[in-house]
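The values are calculated or read from the model by the stated rules, or taken from the named source; none is laboratory data. Owing to the predicted nature of the structure, the values given are computational and were not obtained by experimental measurement. Every residue, glycine among them, receives a Cβ derived from its backbone with ideal geometry; neighbour counts consider all protein chains shown.
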């Protein structure tokens with residue numbers, strides 16, 4: 001189900017609660033909402049649809065992916081980016097890293113770890129910031 005976008009910065013600034021298998025429906029709604037905004041959006045976190053859970057969805061070079069409880073465990077190659085967000089007005093500067101290693105769970109709560117680079121890494125960093133209550 002496509003959900004309305006959250007714009008309340010007090011809500012968005014809250015740290016997300018851990019996601020469980022009970023939250024699979026939220027992940028489905030997050031993917032549906034991301035698809036509905038694909039013309040101007042490449043990633044979303046659950047708090048952007050009004051749910052305070054640590055779930056992100058993003059475009060990984062043309063394939064939509066989801067992560068439950070993502071944590072960036074390694075960063076390399078700091079640079080300054082300018083980003084927008086569907087939940088906020090305008091563009092803002094953000095510190096990002098060219099290479100990251102992320103640990104997360106899938107829908108069955110199996111843990112995965114993978115390196116991401118470039119644009120995909122930037123998207124993931126933005127969405128993990130959302131899970132941590134960090135607004136750009």
Residue that is surrounded by the most Cβ atoms within 10 Å (Cβ to Cβ) [pool: residues in the range 13-38 that are out of contact with any strand residue (DSSP E or B) (no Cβ under 8 Å at 6 or more places or on another chain) and outside any loop (DSSP other than H, G, I, E, B)]:
29
When every residue in the range 39-50 that is in contact (Cβ under 8 Å) with a residue 40 or more places away in the chain and in a loop (DSSP other than H, G, I, E, B) is compared, the one surrounded by the fewest Cβ atoms within 10 Å (Cβ to Cβ) is 40
Got a sec? Which of 96, 92 is part of a strand (DSSP E or B), touching a strand residue (DSSP E or B) at 6+ places or on another chain (Cβ under 8 Å) and at pLDDT 95 or above?
96
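Please go through the range 15-38 and pick out each residue that is out of contact with any helix residue (DSSP H, G or I) (no Cβ under 7 Å at 6 or more places or on another chain) and in contact (Cβ under 8 Å) with a residue 40 or more places away in the chain.
Taking the range 15-38 as the starting set, the residues that turn out to be out of contact with any helix residue (DSSP H, G or I) (no Cβ under 7 Å at 6 or more places or on another chain) are 15, 17-25, 27-28, 31-32, 34-38.
15, 18, 19, 20, 21, 23, 24, 27, 37, listed by residue number.
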